[in-house]
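To start, the structure itself, in structure tokens.
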Amino acid sequence: MPATRERVHADGKINVKKYEPSPYDQPADGPALFSIHVEEDFSGDIQGSGVAEFLQTGISDAEASFVGLERVVGSIGGRSGSFVFQDQGTLTNGVVSGTWFVVSGSGTGELIGLRGEGGFRADLGQGADITLAYWFE
């Protein structure tokens, strides 16, 4: 398929199927550090499944900061394959929010050349609303 720099807006939802936090540094003073394995389903304009690893620091029960990588296998805009998101976000007062972008060169199949940026928001423990403005190089 031909490359196009025209941005297409995608909306959808994420449903978390597995959330497995594991502490890897718990100092007596200062925030703990965790790795978190997540498996989830995408619906809406992005269809498929994702597997992610996040690194998170818990500042308190109500505040945290995280970064992560997630491989998504599925389809966008009628094209199928896989790609990788790089995420960063926060938990603040029970709301998880953040931004992500498609890692350059990570697309496979009909998603080769996929680029994009967007974000997500969810009340803690609920499915996330997601957005992605994407294009193909």
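None of the figures in this text is laboratory data; all of them are computed from the coordinates on show. Here the structure is a predicted model, which is why all the values come from computation and not from measurement. Reconstructed Cβ throughout: ideal geometry from the backbone, glycine too, with neighbour counts over all protein chains shown.
What is the mean projected area of the alpha carbon convex hull for the chain, to one decimal in square nanometres? Could the numbers behind the result be given before it?
Values: hull surface 31.5 nm².
About 7.9 nm², averaged over all directions.
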In terms of modelled amide H atoms, which long-range or inter-chain residues lie less than 5 Å from the amide H of Val95?
Leu124
Residue among Phe120, Val8, Ser49 farthest towards the positive dipole end of the chain, charges placed on Cβ:
Val8
Assuming R0 = 30 Å, what is the FRET efficiency of Glu53 and Ile112, from their Cβ-Cβ distance, to the nearest 0.05?
0.80
Testing the spin-label approximation: label points 7 Å from Cα along Cα→Cβ at Ser22 and Glu6. State their distance in nm.
4.6
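When a footprinting reagent is the concern and you count Cβ atoms within 10 Å, what order do Ile46, Ile112 take, fewest first? Mind showing how you got there, number by number?
Numbers: Ile46 24, Ile112 16.
The order, fewest Cβ neighbours first, is Ile112, Ile46.
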